[in-house]
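Working notes for the structure below.
The values are calculated or read from the model by the stated rules, or taken from the named source; none is laboratory data. Note that the structure is a prediction, hence the values are computed from the model and not measured. Positions of Cβ are backbone-derived with ideal geometry, glycine not excepted, and every protein chain shown enters the neighbour counts. We work out accessible area using only protein heavy atoms, side chains counted, and drop any ligands, DNA or RNA first. Shrake-Rupley method; radii C 1.70, N 1.55, O 1.52, S 1.80 Å.
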Amino acid sequence: MLIGETPQEMVNEFEKLEFFDGGHKAYLWSKSLLKARVILVSEGISDGEAQIMKVEKASTLEEALEMYKTAFPKNPVVLFIPKGSSTIPLMSEN
């Protein structure tokens, strides 16, 4: 089922269903944190904002990898999401 034909119609339909900006995203984010350790590398997020999001913050990708290596097994699985806010990763058991 498609909700609305234009972006504005979609927003209107979701609002009728009581979706709102922030609440549902926050819930889904908190569930994600139950399953994964998140280390954020970003110039646009302050340490305080990272703390609010319940993520660890690194200044560089190299620092993030060092943080990761100290706490995980020898051959870990690492996922990089360059455009994280607009990416939905699909994962398989393989």
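Accessible surface of Glu15, taken over heavy atoms with a 1.4 Å probe and every protein chain present, rounds to 110 Å². For Glu63, the shell of other residues with beta-carbons less than 12 Å away shows a net charge of -1, using +1 for Lys and Arg and -1 for Asp and Glu.
Residue pairs exceeding 20 angstrom between C-alpha atoms, taken from Lys31/Lys54; Lys25/Lys54; Lys31/Lys74; Lys25/Lys69: Lys31/Lys74; Lys25/Lys69. Available extension along the chain between Glu15 and Arg37 is 4.7 nm, counting 0.36 nm per residue and deducting the alpha carbon span.
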